[in-house]
Amino acid sequence: MIILNRILRGISENVLDRFINIIIKFIEPIIFLNLATIEVYGTWLVIFSLPAYIMISDLGFSSVGQNQINMNIKVNKFDLAQKNFSNTLNLSIILNVIFSLLFFLILKEFFDNGFLKLGSIKSNEFYNIAIILIIYTFVHQLNGLFVSVYAAHDKYYFKIRLGYLSKILETILLFYCLYNNYNFGTIILYFLIGKILFFIFIIFDIVKSYDWIKFQFKLEKKYIKNNLDHALSFLLFPITNALKYQSTNLIINSILGPKYVALLSIYLTLARVMVNLTSITDGIIKIELAKLWISKQLKNLKKIFIFNIQVTFYASIAIILLLTFSNQLIFNFWIGKDFNINQNLFFILLISTLFQSLFHSSVALLTSTNNFKKITLYNFINAVVFILSLYFFMNIKPNLLIVAILFLVSDLIIFYNALEFSSKMINDNLKNNFIQILSFKNFKEATSKIIKNYAKN
């Protein structure tokens, strides 16, 4: 019951987080379309595609360190948690400083050669934007390590709360800056100041709350050696994400222009409501799966793993049906009646998002227990093939329908791979797990049992 209550508390906070995230995603284009233009919005999206590449600067060590801290705290090994925290923090700082310079030089070269088409933005303005973005991303990465301590101490809800409060602040700042006609550099600077203020609060609160936290400015070679393999495997996640999603924006921008980047984003904002809603359980589920794995409670682990995917599947089907029949009304209210909807494009993106949601639920077991080497490699190859195919076909016949079809094929493949690898990990087979996921009877029984148990408490 303790596990269930902890999960439900985390889910309740996640519900609020997802709701706020959805609202912000819908508000953002409204702000830009009313205070600027669709081209300006597209340029903004291209600029904020760049941090995804900067995020790889820690080489995956932060993600591995966070998992280790979580697992060590659960078994009361605070000395090991402290070592993991200090080594991860120090290594992240060193790597970020080194790679920040490298990323700046790469971004400068891309802009100077005309690959990054950012409208009327001049060289000096872009260099300032790049520097601020790099610092912003660096603080964001460090923030992720610190807030993971809350989750490890069963305060996952507080970690989520800090996240959506930060998003709200940035949205307010965005409106304020656009209303006052501030340039992109000034807007991102405001974002950075807000991020730093949040980070300072978190540092003081964690140090005050948990006495095992100590800042030790030393780096053990043993830590790097033991975790390098896992870290590089984890690194493929942000690299894959940057290749598949952010590079898509860059390619569309270079071939069709920023307007079409904005158009795709508008379609995806509505389609990916599904991901936001169905991923409500992912964060807290990962923590619980890690606990059950380390304590070798395989039976309970299987139940939670399957049930989480079932929730995602049935919720996604309901959302697809709702959006298929109501998207015209939503777009008219949201963007305006002049927005011409491509129904084929939107439906393909919806189905693609279904498989993306199922992938996130299926891969949770692998990522939470550091058993992700094979899946990350497969996903990376998938992303490389996707982006090469996109560039090839977009140069032959440039349109957004090509993008949607390639997304669908890619997302279907990565879901299949994630479910297959997770099934092997729990000593089960793919076919059996797939049947269990599709069994509405089992889903209904599990849901009924959870509701009854929750009512008793």
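The values are calculated or read from the model by the stated rules, or taken from the named source; none is laboratory data. Keep in mind it's a predicted model, so treat the numbers as computed, not measured. So basically every Cβ, Gly included, is an ideal-geometry build from the backbone, and we count neighbours across all protein chains shown.
Summary table
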{"item": "Odd one out for Asn76, checked against (1) free of Cβ contacts under 8 Å to residues at least 40 places away in the same chain; (2) on the phi < 0 side of the Ramachandran plot", "result": "(2)"}
{"item": "Flag for Ile348 being touching a Leu at 6+ places or on another chain (Cβ under 6 Å), in a helix (DSSP H, G or I) and under 20 Å from Ile309 (Cβ atoms)", "result": "no"}
{"item": "Hits in segment 200-213 (condition: more than 27 Å from the chain's Cα centre (by Cα) and exposed (fewer than 11 other Cβ atoms within 10 Å of the Cβ))", "result": "Lys208, Asp211"}
{"item": "Residue that is farther than 25 Å from Ile375 by Cα and either under 19 Å from the mean Cα position of the chain (by Cα) or aromatic (Phe, Trp, Tyr) (or both), where the choices are Phe333, Phe359, Phe307", "result": "Phe333"}
{"item": "Condition met for Leu365 (assigned to a helix (DSSP H, G or I) and farther than 25 Å from Gly65 by Cα)", "result": "no"}
{"item": "Residue within segment 55-72 that is more than 30 Å from Glu28 (Cα to Cα) and over 22 Å from the mean Cα position of the chain (by Cα) present", "result": "yes"}
{"item": "Unmet requirement for Ser86, which otherwise passes all of (1) more than 30 Å from Ala290 (Cα to Cα); (2) buried (at least 16 other Cβ atoms within 10 Å of the Cβ); (3) more than 22 Å from the chain's Cα centre (by Cα)", "result": "(1)"}
{"item": "Residue match in segment 55-68 (condition: under 29 Å from Phe115 (Cβ atoms) and among the aromatic types (Phe, Trp, Tyr))", "result": "no"}
{"item": "Condition check for Lys337: of a type outside the set (Val, Ile, Thr), outside any helix (DSSP H, G or I) and more than 17 Å from Leu419 (Cα to Cα)", "result": "yes"}
{"item": "Unique match (being assigned to a helix (DSSP H, G or I) and free of Cβ contacts under 8 Å to residues at least 60 places away in the same chain) among Ile306, Ile320, Ile285", "result": "Ile320"}
{"item": "Options Ile251, Ile224: the member that is of a type outside the set (Asp, Glu), within 22 Å of Phe111 (Cα to Cα), surrounded by fewer than 20 Cβ atoms within 10 Å (Cβ to Cβ) and in contact (Cβ under 8 Å) with a residue 24 or more places away in the chain", "result": "Ile251"}
{"item": "Extreme residue, farthest from Gly185 (Cα to Cα), among residues of segment 39-54 that are of a type in the set (Phe, Trp, Tyr) and under 18 Å from the mean Cα position of the chain (by Cα)", "result": "Tyr53"}
{"item": "Single match in Ile3, Ile98 (criterion: modelled with pLDDT under 85, surrounded by fewer than 19 Cβ atoms within 10 Å (Cβ to Cβ) and either under 28 Å from Phe115 (Cα atoms) or over 24 Å from the mean Cα position of the chain (by Cα) (or both))", "result": "Ile3"}
{"item": "Long-range neighbours under 6 Å by Cβ, at least six apart or interchain, first residue hydrophobic (A, V, I, L, M, F, W, C) within segment 361-381, second crowded, with 21+ Cβ neighbours inside 10 Å and part of a loop (DSSP other than H, G, I, E, B)", "result": "Leu366/Phe372"}
